[in-house]
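For reference, the structure is listed below as structure tokens.
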Amino acid sequence: MNYIDEVYENLVRKYPEEKEFHQTAKEVLDSLYKVIAENEELYRKNALLERLVEPERSIVFRTPWEDDKGQIHVNTGYRVQFNGAIGPYKGGLRFHPSVRLGTMKFLAFEQTFKNSLTGLPIGGGKGGSDFDPIGKSDNEIKRFCVSFMTELYRHIGPDRDVPAGDLGVSGKEIGYLFGQYRRIRGSYENGVITGKDLSFGGSKIRPEATGFGITYFLQEMLRDKGEELNGKKIAISGCGNVAWGAAQKMTELGAKIVTLSDPSGYIYAPEGLREEHIRYMLQVRSANLPVGNFSEKFGLEFVPGKRPWERTVDIAVPCATQNELDRRDAENLVKNGVLMICEGSNMPCTLEATEYFDSRGVTLGPSKAANAGGVAVSALEMSQDSIRYSWTEKEVDEKLHGIMKNIFKQSKEMSEKYSVTLAQGANIAGFLKVADAMLKQGNY
Ligand code: NDP
Ligand code: 2IT
């Protein structure tokens, strides 16, 4: 049997429950056929692919915490240290009730290739918990973060593993987590976590970085097709950190953002979001308000229980969560003339949706490449913490812009070299660097 198919079948047999991990593994492995064929004997002999799909380490721990009434609850904490060949494990923490080990493995696997694409020395990791921050008081969130870090601290460090935020984890939680780490360690190692406030070693532009990076990547995709962002009608999903950064930069560059969403439905702004709407997104995110509030406050149309993909737009930019755009959504978008898709959230398109876009010639900017700006600025935050210095907004933004352009360039070059899609080109570029480092370091 073909080496790639063999590795994939074994992993499905070994971990039958981990559907999201199967999905990302299949997507990546399927893009490597031509690359593996060039050197199959070497890769097989070194069990390179078997090692690539098995995390170096998965840590699972009990996280008890006390609610405001004195009742104790128990959640499960995770940290998957997937691949440390090119640098310390790096990746966010997700607090969401859907989190399981398989979710963490899928995200940490994706992170390995994404981090490699940034060109910066960071390995792949991800962590989190099935804790649901929605409906919790500030004190409950704080007690949860303290408990989570009281176990996590022994597995992380500025040269070892560096967490950050993700879905459900933003600056506030990062502050509580770092405070507890510092207390336990008794030394000021602020490079241990990124996404910090500016007052204790955070980087300028980190909150905006993922969304700005998506915009810069989209600009490259458009330029490549002889198009420009100015005047484009764009559907964004989600209403959190990533959606906010993307809406802000795309609007500044002349695009019209016509939708935002959450699990309850979406809002429609036919003339495009205005500055006051984008500012209000921050309040919605921090107070966990439903997007329907845009309707009460600004009179925008709210469509309950539906996704934004039913609208006629030039570009779709999913920024909420995994598998939020399926084959039916893809058919709708194509029927309505969508030009391209730029993925903001991790793995937003199902495999069937991606295949459909490919079959209809719709270019897809893959999340591993398009949303790498967040982790890239996290790595720049680590650099600033190491040299005990802080770069200006302009300096960080310019570095981010250069990194995103370079990610597009690498992905495009690989897609041309191997006659594959842009998404597959990104996987190949990310893979080659990690594989090279793994082979040169022996058999770990
Ligand atoms: P946030 O928690 O800030 O925001 C997530 C948003 O998506 C919220 O508005 C949330 O609504 C909404 N949402 C969640 N689940 C669904 C769903 N099933 N259907 C519709 N809307 C949903 O997270 P981020 O913005 O940080 O992350 C969004 C995505 O981007 C994730 O996939 C994350 O992994 C990825 N990402 C994040 C980076 C970062 O730096 N933060 C970097 C790169 C990728 P509600 O709050 O009501 O649930
Ligand atoms: O998915 C991601 O790239 C993130 N959540 C950001 C990770 C990071 O370490 O900044």
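Look at Lys142 and say whether it is away from ligand 2 (no atom under 15 Å from the Cβ) and either of a type outside the set (A, V, I, L, M, F, W, C) or open to solvent by 10 Å² or more (accessible area, probe 1.4 Å) (or both). It would help to see each step written out before you state the result.
Working: away from ligand 2 (no atom under 15 Å from the Cβ): yes; either of a type outside the set (A, V, I, L, M, F, W, C) or open to solvent by 10 Å² or more (accessible area, probe 1.4 Å) (or both): yes.
Answer is yes for this residue.
Give region 175-215 a look and list any residue that's part of a loop (DSSP other than H, G, I, E, B), open to solvent by 50 Å² or more (accessible area, probe 1.4 Å) and not acidic (Asp, Glu), or say none. Walk me through how you get there before you give the answer.
Keep residues of region 175-215 that are part of a loop (DSSP other than H, G, I, E, B), which gives 186-189, 193-197, 201-205.
Filter once more, keeping what is open to solvent by 50 Å² or more (accessible area, probe 1.4 Å): 186, 188, 197, 204.
Within region 175-215, Gly186, Tyr188, Lys204 qualify.
Count, please, the residues in region 100-123 that happen to be touching a Leu at 6+ places or on another chain (Cβ under 9 Å) and either hydrophobic (A, V, I, L, M, F, W, C) or assigned to a strand (DSSP E or B) (or both).
Of the residues in region 100-123, 2 are touching a Leu at 6+ places or on another chain (Cβ under 9 Å) and either hydrophobic (A, V, I, L, M, F, W, C) or assigned to a strand (DSSP E or B) (or both).
Hand me the list of helices (runs of 4 or more DSSP H) wholly inside region 341-444 holding 2 or more residues that are in contact with a Pro (Cβ under 8 Å, 6 or more places away or on another chain) and farther than 21 Å from Leu229 by Cα.
Details: elements: 351-359, 367-370, 373-387, 393-417, 422-440.
Ranges flagged: 373-387, 422-440.
With respect to the numbered conditions (1) more than 28 Å from Pro97 (Cα to Cα); (2) part of a helix (DSSP H, G or I), which one is the sole condition not fulfilled by Glu227?
(2)
With the requirement that a residue be open to solvent by 40 Å² or more (accessible area, probe 1.4 Å) and touching a residue at least 40 places away in the same chain (Cβ under 8 Å), what does region 321-362 give you? Give the derivation first.
Taking region 321-362 as the starting set, the residues that turn out to be open to solvent by 40 Å² or more (accessible area, probe 1.4 Å) are 321, 323, 326-328, 331-332, 335-337, 339, 351-352, 355, 358-361.
Across region 321-362, the qualifying residues are Thr321, Asn323, Leu339, Leu351, Asp358.
Give the residues of region 156-174 that are over 20 Å from Asp130 (Cα atoms) and surrounded by fewer than 21 Cβ atoms within 10 Å (Cβ to Cβ), sorted by residue number.
Gly157, Pro158, Asp159, Arg160
Report yes if Ala243 is within 16 Å of ligand 2 (Cβ to nearest atom), hydrophobic (A, V, I, L, M, F, W, C) and closer than 21 Å to Gly213 by Cβ, otherwise no.
Working: within 16 Å of ligand 2 (Cβ to nearest atom): yes; hydrophobic (A, V, I, L, M, F, W, C): yes; closer than 21 Å to Gly213 by Cβ: yes.
Yes: the conditions hold for Ala243.
What are the residues in region 283-310 that are open to solvent by 80 Å² or more (accessible area, probe 1.4 Å) and either touching a residue at least 60 places away in the same chain (Cβ under 8 Å) or assigned to a helix (DSSP H, G or I) (or both), if any?
First, the residues of region 283-310 that are open to solvent by 80 Å² or more (accessible area, probe 1.4 Å): 283, 286, 296-297, 301, 304, 306-307.
Within region 283-310, Gln283, Ser286, Glu296, Lys297, Arg307 meet the criteria.
Determine whether Ser116 is surrounded by fewer than 24 Cβ atoms within 10 Å (Cβ to Cβ), away from ligand 2 (no atom under 12 Å from the Cβ) and polar (S, T, N, Q).
Working: surrounded by fewer than 24 Cβ atoms within 10 Å (Cβ to Cβ): no; away from ligand 2 (no atom under 12 Å from the Cβ): yes; polar (S, T, N, Q): yes.
Answer is no for this residue.
The values are calculated or read from the model by the stated rules, or taken from the named source; none is laboratory data. Quantities reported herein were computed from a predicted structural model and do not represent experimental measurements. When we count neighbours, we look across all protein chains shown, and the Cβ atoms used for this are built from the backbone with ideal geometry, even at glycine. Ligands, DNA and RNA are excluded from the accessible area calculation, which covers all protein heavy atoms including side chains. Shrake-Rupley method; radii C 1.70, N 1.55, O 1.52, S 1.80 Å.
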